1. Of all residues in the range 1-34, count the ones that are in a loop (DSSP other than H, G, I, E, B) and either small (G, A, S) or under 14 Å from S110 (Cα atoms) (or both).
2. Has the range 100-119 got at least one residue that is part of a helix (DSSP H, G or I) and exposed (fewer than 11 other Cβ atoms within 10 Å of the Cβ)?
3. Does V75 meet the test of being among the aliphatic types (A, V, I, L, M), at pLDDT below 85 and surrounded by fewer than 13 Cβ atoms within 10 Å (Cβ to Cβ)?
4. Quick one: is A80 outside any helix (DSSP H, G or I), in contact with a helix residue (DSSP H, G or I) (Cβ under 9 Å, 6 or more places away or on another chain), free of Cβ contacts under 8 Å to residues at least 12 places away in the same chain and not aromatic (F, W, Y)?
5. Sort through Q44, Q37 and tell me the only one that's within 21 Å of the chain's Cα centre (by Cα), part of a helix (DSSP H, G or I) and either among the aliphatic types (A, V, I, L, M) or closer than 22 Å to D8 by Cα (or both).
6. Go through (1) hydrophobic (A, V, I, L, M, F, W, C); (2) within 30 Å of P16 (Cβ to Cβ); (3) at pLDDT below 90 for I102 and report which single condition fails.
7. Taking the range 33-56, which residues are over 30 Å from P16 (Cα atoms) and in contact (Cβ under 8 Å) with a residue 12 or more places away in the chain?
Amino acid sequence: MRPFNQIDQAFGRSYPQTYAGSTSSQQLTGDAQTRWQNSLAAYQDALRVQAGVVQALDTSRAETSGLVSSSQSAVGILQASQAGNQLIALQTRQLVDLTALIAAQSRAQSLDGARLTANHEQARVQLNQFLSTSRGYQPQAVQMFHQ
(Lines give C-alpha, C1' and ligand atoms only; values in the text may rest on other atoms or scores of the structure.)
Protein backbone atom coordinates (compact mmCIF):
# COMPACT_ATOMS: atom_id res chain seq x y z
CA MET A 1 0.00 0.00 0.00
CA ARG A 2 1.35 3.38 -0.94
CA PRO A 3 1.88 5.86 1.92
CA PHE A 4 -0.53 8.30 0.28
CA ASN A 5 -3.30 5.70 0.47
CA GLN A 6 -2.84 5.51 4.24
CA ILE A 7 -2.93 9.30 4.49
CA ASP A 8 -6.04 9.45 2.31
CA GLN A 9 -7.82 6.83 4.41
CA ALA A 10 -6.98 8.53 7.71
CA PHE A 11 -7.96 11.89 6.28
CA GLY A 12 -11.26 10.52 4.98
CA ARG A 13 -12.13 9.13 8.42
CA SER A 14 -11.44 12.40 10.23
CA TYR A 15 -12.63 14.78 7.51
CA PRO A 16 -15.53 13.11 5.67
CA GLN A 17 -16.92 14.86 2.62
CA THR A 18 -20.47 14.03 3.66
CA TYR A 19 -22.33 12.59 6.62
CA ALA A 20 -25.36 10.37 6.40
CA GLY A 21 -28.51 11.89 7.83
CA SER A 22 -28.64 9.04 10.34
CA THR A 23 -25.21 9.80 11.82
CA SER A 24 -25.49 9.96 15.60
CA SER A 25 -24.79 13.09 17.60
CA GLN A 26 -22.08 11.18 19.46
CA GLN A 27 -20.32 10.37 16.18
CA LEU A 28 -20.57 13.97 14.99
CA THR A 29 -19.26 15.28 18.30
CA GLY A 30 -16.45 12.74 18.40
CA ASP A 31 -15.39 13.60 14.85
CA ALA A 32 -15.42 17.32 15.66
CA GLN A 33 -13.27 16.68 18.75
CA THR A 34 -10.78 14.66 16.67
CA ARG A 35 -10.55 17.39 14.06
CA TRP A 36 -10.01 20.04 16.73
CA GLN A 37 -7.26 17.94 18.34
CA ASN A 38 -5.57 17.42 14.95
CA SER A 39 -5.59 21.16 14.26
CA LEU A 40 -4.33 21.96 17.73
CA ALA A 41 -1.48 19.42 17.44
CA ALA A 42 -0.50 20.78 14.01
CA TYR A 43 -0.35 24.35 15.32
CA GLN A 44 1.68 23.19 18.32
CA ASP A 45 4.08 21.39 15.97
CA ALA A 46 4.40 24.54 13.83
CA LEU A 47 5.17 26.61 16.93
CA ARG A 48 7.85 24.15 18.01
CA VAL A 49 9.49 24.22 14.58
CA GLN A 50 9.34 28.03 14.57
CA ALA A 51 10.93 28.13 18.03
CA GLY A 52 13.71 25.81 16.86
CA VAL A 53 14.42 27.97 13.82
CA VAL A 54 14.45 31.15 15.88
CA GLN A 55 16.69 29.53 18.47
CA ALA A 56 19.18 28.54 15.75
CA LEU A 57 19.40 32.08 14.36
CA ASP A 58 22.05 33.27 16.82
CA THR A 59 24.19 30.21 16.14
CA SER A 60 23.79 30.71 12.39
CA ARG A 61 24.79 34.36 12.66
CA ALA A 62 27.91 33.51 14.64
CA GLU A 63 28.86 30.70 12.26
CA THR A 64 28.29 32.91 9.23
CA SER A 65 30.43 35.67 10.69
CA GLY A 66 33.21 33.23 11.49
CA LEU A 67 33.08 31.61 8.07
CA VAL A 68 33.10 34.97 6.29
CA SER A 69 36.15 36.02 8.34
CA SER A 70 37.87 32.73 7.49
CA SER A 71 37.04 33.18 3.85
CA GLN A 72 38.34 36.73 3.76
CA SER A 73 41.56 35.87 5.58
CA ALA A 74 42.14 32.63 3.67
CA VAL A 75 45.63 32.12 2.33
CA GLY A 76 45.57 30.18 -0.86
CA ILE A 77 42.90 28.65 -3.02
CA LEU A 78 42.37 25.57 -0.82
CA GLN A 79 41.55 27.56 2.31
CA ALA A 80 39.26 29.90 0.36
CA SER A 81 37.47 26.92 -1.22
CA GLN A 82 37.03 25.22 2.15
CA ALA A 83 35.60 28.39 3.69
CA GLY A 84 33.27 28.77 0.71
CA ASN A 85 32.13 25.16 1.05
CA GLN A 86 31.41 25.69 4.74
CA LEU A 87 29.32 28.78 3.90
CA ILE A 88 27.37 26.75 1.35
CA ALA A 89 26.79 23.99 3.93
CA LEU A 90 25.50 26.57 6.43
CA GLN A 91 23.16 28.03 3.83
CA THR A 92 21.91 24.54 2.99
CA ARG A 93 21.14 23.88 6.66
CA GLN A 94 19.28 27.19 6.85
CA LEU A 95 17.26 26.24 3.77
CA VAL A 96 16.38 22.88 5.35
CA ASP A 97 15.21 24.71 8.50
CA LEU A 98 13.14 27.10 6.40
CA THR A 99 11.62 24.22 4.42
CA ALA A 100 10.65 22.46 7.66
CA LEU A 101 9.11 25.67 8.96
CA ILE A 102 7.06 26.23 5.82
CA ALA A 103 5.95 22.58 5.76
CA ALA A 104 4.83 22.65 9.40
CA GLN A 105 2.94 25.92 8.98
CA SER A 106 1.32 24.74 5.75
CA ARG A 107 0.26 21.48 7.41
CA ALA A 108 -1.37 23.38 10.27
CA GLN A 109 -3.21 25.66 7.84
CA SER A 110 -4.33 22.73 5.69
CA LEU A 111 -5.67 20.78 8.66
CA ASP A 112 -7.48 23.84 9.95
CA GLY A 113 -9.05 24.42 6.54
CA ALA A 114 -10.12 20.78 6.36
CA ARG A 115 -11.53 21.04 9.89
CA LEU A 116 -13.61 24.07 8.92
CA THR A 117 -14.90 22.35 5.79
CA ALA A 118 -15.84 19.19 7.69
CA ASN A 119 -17.47 21.30 10.42
CA HIS A 120 -19.67 22.98 7.79
CA GLU A 121 -20.82 19.58 6.55
CA GLN A 122 -21.43 18.44 10.11
CA ALA A 123 -23.46 21.58 10.83
CA ARG A 124 -25.56 20.95 7.71
CA VAL A 125 -26.35 17.40 8.85
CA GLN A 126 -27.14 18.50 12.40
CA LEU A 127 -29.49 21.22 11.13
CA ASN A 128 -31.26 18.72 8.87
CA GLN A 129 -31.58 16.30 11.77
CA PHE A 130 -33.01 19.01 13.98
CA LEU A 131 -35.49 20.17 11.36
CA SER A 132 -36.64 16.70 10.34
CA THR A 133 -40.01 15.70 11.73
CA SER A 134 -38.83 12.38 13.06
CA ARG A 135 -35.79 13.59 15.00
CA GLY A 136 -36.24 17.32 15.38
CA TYR A 137 -37.73 19.33 18.15
CA GLN A 138 -40.95 17.87 19.49
CA PRO A 139 -42.97 20.28 21.64
CA GLN A 140 -44.18 18.86 24.91
CA ALA A 141 -46.45 20.17 27.63
CA VAL A 142 -44.59 21.29 30.71
CA GLN A 143 -45.74 22.05 34.19
CA MET A 144 -44.21 25.03 35.90
CA PHE A 145 -44.19 25.94 39.57
CA HIS A 146 -45.70 22.55 40.53
CA GLN A 147 -49.33 23.62 40.38
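1. We begin by selecting, within the range 1-34, every residue in a loop (DSSP other than H, G, I, E, B); these are 1-2, 15-24.
If we keep only those that are either small (G, A, S) or under 14 Å from S110 (Cα atoms) (or both) as well, we get 15, 20-22, 24.
Residues flagged as in a loop (DSSP other than H, G, I, E, B) and either small (G, A, S) or under 14 Å from S110 (Cα atoms) (or both) within the range 1-34 amount to 5.
2. Checked the range 100-119: no residue is part of a helix (DSSP H, G or I) and exposed (fewer than 11 other Cβ atoms within 10 Å of the Cβ).
3. Details: among the aliphatic types (A, V, I, L, M): yes; at pLDDT below 85: yes; surrounded by fewer than 13 Cβ atoms within 10 Å (Cβ to Cβ): yes.
In short, yes.
4. Working: outside any helix (DSSP H, G or I): no; in contact with a helix residue (DSSP H, G or I) (Cβ under 9 Å, 6 or more places away or on another chain): yes; free of Cβ contacts under 8 Å to residues at least 12 places away in the same chain: yes; not aromatic (F, W, Y): yes.
No.
5. Values: Q44 fails: either among the aliphatic types (A, V, I, L, M) or closer than 22 Å to D8 by Cα (or both).
Going through Q44, Q37 in turn, the sole match is Q37.
6. Looking at each condition in turn, I102 falls short on (3).
7. Going residue by residue through the range 33-56, those that are over 30 Å from P16 (Cα atoms) are 50-56.
Those that are over 30 Å from P16 (Cα atoms) and in contact (Cβ under 8 Å) with a residue 12 or more places away in the chain: Q50, G52, V53, A56.
The values are calculated or read from the model by the stated rules, or taken from the named source; none is laboratory data. The structure displayed is predicted, hence computed values, not measured ones. Please note: Cβ atoms are built from the backbone with ideal geometry, for glycine as well, and neighbour counts cover all protein chains shown.
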